[in-house]
Amino acid sequence: FCILWGIKQDNIILSVLGILCILFYLYLMIKTVRRYNESKKKINKDNVKEFFDFFAPRWDNEPIAEKEIINTILDNAEITEGINVLDIGCGTGVMFPFYMERNVQSITAVDLSPKMVKIAKSKFPQATVICGDAENITFDKNFDVVMIYNAFPHFPDPEKLIENLSKHLKDGGRLSIA
């Protein structure tokens, strides 16, 4: 454009074309920057915690799913009698009764929302429920199954989550995301 402008200043057509070229270039740059920024947006854990804290008192008012669907999920995860389950994003413990029906040995659960954890602990004192960040949490023991039910989209770094949780599986253990 600068070359065209310098050579043909009086040519209005070239000037308009030059301006259009600059505008198109700027449009492409803005579009590229926006696309880059969108790709870098991450889920904000504070917003997730705030959202679930807000809904915690009403969370159990709505059914989560049909029993048949949940049982299919648990069958596929091989949740059976005598195993140790780690439930990630447990909320108020909506999956705990299904685990208990299958006579699991233990339920350990993690949720980011303190209010969800408080409700889960009050409903299921036999479960170990921890308020924490599953992407970074560590345990003294390993589990037969790690279950993430209806929570996976809320984690900002899914690769880090899976990497961390995989460290807490027994040999032959299963990580189930449903």
Condition set touching a residue at least 24 places away in the same chain (Cβ under 8 Å) and among the aliphatic types (A, V, I, L, M), scope the stretch 66-84, selection surrounded by the fewest Cβ atoms within 10 Å (Cβ to Cβ): answer is I70
Does T80 satisfy the criteria of being part of a loop (DSSP other than H, G, I, E, B) and within 24 Å of P156 (Cβ to Cβ)?
-> no
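Here are L17, L23: which of them is modelled with pLDDT under 60 and among the aliphatic types (A, V, I, L, M)?
Values: L23 fails: modelled with pLDDT under 60.
Going through L17, L23 in turn, the sole match is L17.
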How about the stretch 85-154: which strands (runs of 3 or more DSSP E) wholly inside it have at least 1 residues that are open to solvent by less than 20 Å² (accessible area, probe 1.4 Å), β-branched (V, I, T) and out of contact with any helix residue (DSSP H, G or I) (no Cβ under 6 Å at 6 or more places or on another chain)?
-> 106-111, 143-148
Would a scan of the stretch 118-125 turn up a residue that is of a type in the set (F, W, Y) and under 21 Å from the mean Cα position of the chain (by Cα)?
-> no
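The values are calculated or read from the model by the stated rules, or taken from the named source; none is laboratory data. Just so you know, these numbers come straight off a predicted model, no measurement behind them. Every residue, glycine among them, receives a Cβ derived from its backbone with ideal geometry; neighbour counts consider all protein chains shown. To get the accessible areas, we keep the full protein, side chains included, count just its heavy atoms, and leave off ligands, DNA and RNA. Shrake-Rupley method; radii C 1.70, N 1.55, O 1.52, S 1.80 Å.
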